[in-house]
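> One structure is given below, represented as structure tokens, and several questions about it will come after.
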Amino acid sequence: MQSIQAVRGMNDILPDAVGWWRRVENAAREVLESFGYREVRTPLAEKLELFARSIGESTDIVEKEMYAFQDRNGEWIALRPEATASIVRSYIQHGLHSDSALRKLYEIGPMFRHERPQKGRYRQFHQIDAEAFGTDSPMIDAEMMHMLSLLVERIGISGVILHVNTLGCPECRQTYKEILKGFLKEKADLFCPDCVRRRETNPLRVFDCKVEKCQALLDRAPMLIDYVCRDCRAHFDAVKDYLDKLATRYEVNPRIVRGLDYYMRTTFEVISDRLGAQNAIGGGGRYNGLVRDLGGPDVAAIGFAIGVERLIMLLQQEREQILRAPRFFLVGLGEKPLEKAFLLLQQLRGRGLEAEMDYGGRSLKSQMRRADKSGARYVLILGENELVQRQIQVRDMLAGTQELLPLDAIVEGVEGLRD
Ligand code: AMP
């Protein structure tokens, strides 16, 4: 008899993989709780109307991707495609706003979207979701992005970039939408049919279009960031200023519009350069009107969601590299430096530190290429001059920084470097 398989796009997490999940979840809990977020657990299913009203009728999620069904009483139910709407519903239903305190909540769990499954995209996937209710202060926007960056780092993932944008408020967006519609109308015959349709239903979504031709056309489109009102601009400037002060690295990307209707002002995405097509790890933004629109008080709010599967994919890639890579790579330029590098190599290994070199002693460029290929975190570079001055260059390949250290104490000097 034929055996029964799991539903397409819904995965088992087997015992061998569970360790990765725990590691990510534990790091997330630790970081979120240290920032004052408290856990909630909302149901996996909600009334369909909740998502239609919050995410928006004319979004891909609600139009095409929802797992919705009528239950035995004829009521329309949906498996949650994201957590924000459920958390807002719960926040209103249980009067969590009543003491008018700042309320920070998080949830970790499965979400459901009927998308076409591929690597990094599933029909049941998991998110870590954080929401902060009760303040419009740009401090909380910056803090949230700072926390997100820290979380990704704490999990052990590098090579991610935070993209930030502002969507303005509904008023300034309305003016801009008309301007954008005008631009799209002018070039109507050049855009794909989906973009032409979006022009009427949800024009901002053209920026999410995957068709290259449309993306190229949008290079000349008017950008929302240039049309936001004075208040929204001041808010965005303050957010950026706090990010700078927190030393959180980011790039302003005027194309981050996010697909959902409820976002306004600050929006952001964390993107990895190592995930291929599904390169977004997470994203979020401000949604000041949503609590009111869902029947609650007029409370400002902001939140984000990150995908656990994608975090784990990155973590596994990184770990594999770490397992294969030596920590140090030695480069010697010229006969004497090369010999010294060879001796240092053995000293490092003698202390249990993984080290490698290119014994051939070729040009700096080719040795550096090998160093890069080896995946070593630190490259120790010794030239004739350094040798005379009893110094050595230590390059941190991850941070892209370089520092000159005393040669004679170098083994002790690098022993404590983190990988
Ligand atoms: P979104 O709310 O669509 O921006 O999703 C936030 C994050 O959840 C994304 O950046 C992904 O990491 C993850 N995610 C969204 N949809 C999927 C999916 N179908 N499969 C796996 N991860 C997903």
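> Any idea which residue in region 249-264 is nearest to Leu162 (Cα to Cα), counting only those that are touching a helix residue (DSSP H, G or I) at 6+ places or on another chain (Cβ under 9 Å) and modelled with pLDDT of 95 or more?
Per the stated criteria, the residue is Tyr250.
> Let me ask another. Exactly one of (1) outside any strand (DSSP E or B); (2) away from the ligand (no atom under 12 Å from the Cβ); (3) surrounded by 21 or more Cβ atoms within 10 Å (Cβ to Cβ); (4) not charged (D, E, K, R) is unmet by Ile256. Its number?
Tallying (1) outside any strand (DSSP E or B); (2) away from the ligand (no atom under 12 Å from the Cβ); (3) surrounded by 21 or more Cβ atoms within 10 Å (Cβ to Cβ); (4) not charged (D, E, K, R), Ile256 fails exactly one: (2).
> If Tyr287 satisfies all but one of (1) of a type outside the set (Gly, Ala, Ser); (2) crowded, with 19+ Cβ neighbours inside 10 Å; (3) out of contact with any strand residue (DSSP E or B) (no Cβ under 7 Å at 6 or more places or on another chain), what's the number of the condition it fails?
Status for Tyr287: all satisfied but (3).
> Among the residues of region 282-307, count how many are assigned to a loop (DSSP other than H, G, I, E, B) and within 16 Å of the ligand (Cβ to nearest atom).
Within region 282-307, residues that are assigned to a loop (DSSP other than H, G, I, E, B) and within 16 Å of the ligand (Cβ to nearest atom) number 1.
> Shifting gears a bit: Is it true that Pro222 is on the phi < 0 side of the Ramachandran plot, under 28 Å from the mean Cα position of the chain (by Cα), surrounded by fewer than 17 Cβ atoms within 10 Å (Cβ to Cβ) and not hydroxyl-bearing (Ser, Thr, Tyr)?
Criteria met by Pro222.
> Do we find that Arg199 is away from the ligand (no atom under 16 Å from the Cβ) and in a helix (DSSP H, G or I) in this structure?
Yes, satisfied.
> Name the one entry in Val152, Val160, Val164 that is at pLDDT 95 or above, within 26 Å of Ala130 (Cα to Cα) and of a type in the set (Val, Ile, Thr).
From the options Val152, Val160, Val164, the qualifying one is Val164.
> Another question, if that's okay. If I ask for residues that are basic (Lys, Arg) and modelled with pLDDT of 90 or more, which ones from region 190-246 would you list?
Once the filter is applied, which keeps residues that are basic (Lys, Arg) and modelled with pLDDT of 90 or more, region 190-246 yields Arg230, Arg233, Lys240, Lys245.
> Let me ask something additional. With a cut-off of at least 3 residues that are exposed (fewer than 13 other Cβ atoms within 10 Å of the Cβ), name the helices (runs of 4 or more DSSP H) lying wholly within region 1-100.
The helices (runs of 4 or more DSSP H) meeting that bar are 15-34.
> OK, next. State which residue is surrounded by the fewest Cβ atoms within 10 Å (Cβ to Cβ) when the search covers only region 109-154 and only residues that are free of Cβ contacts under 8 Å to residues at least 12 places away in the same chain and more than 16 Å from the ligand (Cβ to nearest atom).
Glu153
> Ok, one more. Residue check: is Val88 under 30 Å from Leu398 (Cβ atoms), more than 12 Å from the ligand (Cβ to nearest atom) and touching an Asp or Glu at 6+ places or on another chain (Cβ under 8 Å)?
For Val88, the condition - under 30 Å from Leu398 (Cβ atoms), more than 12 Å from the ligand (Cβ to nearest atom) and touching an Asp or Glu at 6+ places or on another chain (Cβ under 8 Å) - is not met.
The values are calculated or read from the model by the stated rules, or taken from the named source; none is laboratory data. A quick note: this is a predicted structure, and the numbers were derived from the prediction, not measured. Here Cβ is always computed from backbone atoms with ideal geometry, including for glycine, and neighbour counts include all displayed protein chains.
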